[in-house]
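*Asks:* Encoded as structure tokens, here's the structure I'll be asking about.
Values in this text are rule-based calculations from the coordinates and carry no lab data. If you're wondering where the values come from, they're calculated on a predicted model, not measured in any experiment. Neighbour counts are summed over all protein chains in view; Cβ atoms, including those assigned to glycine, are modelled from backbone coordinates with ideal geometry.
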Amino acid sequence: RFAPGTWVKILELKRIEKQRGIKFTIVIIDLTECYCARIYDDGEIEKIFQINSGVGNKHQQGGQSAQRFSRIREQQIVTYFKRINERLKKINDDFVIGINFIYKNRLESYLSTEVKNNILRWDTIEYGGISGVYQFRNINI
């Protein structure tokens, strides 16, 4: 049961929601996580998904174990980029990708044509995760 006037408030909220439009769908990618969100005209951020990478840190020591660790890490990066591609296939919006320029070409080689067609542009970011989304929003709105 709803209190009197509740339906009016619900209808008003739905009307306001219809007026608000999506300004950007942004995907922020670094080697720790991938964070995808919608940014609305009013600056509100709505999380779509988040993927933790599972990529290990770089190994500094030399020797055979360092080479083996490096190969394992490279395979983890490939797996992570493929997981991102699978999640991006499910997004129906065009989107902007924010990524460190060092990894842009590598990621692009693992993206399907379907995903590449939905990319509006590539942006270089300094932060990952939700911090990168805030950085993008503050620069572009």
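*Asks:* Below 13 angstrom from the Cβ of Tyr35, what's the summed charge of the other residues (Lys, Arg +1; Asp, Glu -1)?
*Replies:* After counting each charged neighbour, the total is +1.
*Asks:* I've got another one for you. Give me the one-decimal nm value for the distance between modelled label points at Phe49 and Glu114, 7 Å along each residue's Cα-to-Cβ direction.
*Replies:* 1.2
*Asks:* Taking a 18 Å limit on the Cα-Cα distance, which of the listed pairs Lys82/Lys116; Lys23/Lys104; Lys90/Lys116; Lys47/Lys82; Lys58/Lys89; Lys47/Lys104 fall beyond it?
*Replies:* Over 18 Å Cα-Cα: Lys23/Lys104; Lys47/Lys82; Lys58/Lys89; Lys47/Lys104.
*Asks:* Same structure again: ³J(HN,Hα) across the range 136-141 via Karplus (A = 6.51, B = -1.76, C = 1.60, θ = phi - 60°), whole Hz, x for Gly/Pro?
*Replies:* 4, 4, 5, 7, 9, 10
*Asks:* Along the range 76-89, what does the Karplus equation 6.51 cos²θ - 1.76 cosθ + 1.60 (θ = phi - 60°) give for ³J(HN,Hα), rounded to whole Hz, x for Gly and Pro?
*Replies:* Once θ is set to phi - 60°, the couplings for the range 76-89 become 5, 5, 4, 4, 4, 5, 5, 5, 4, 4, 4, 5, 5, 4 Hz.
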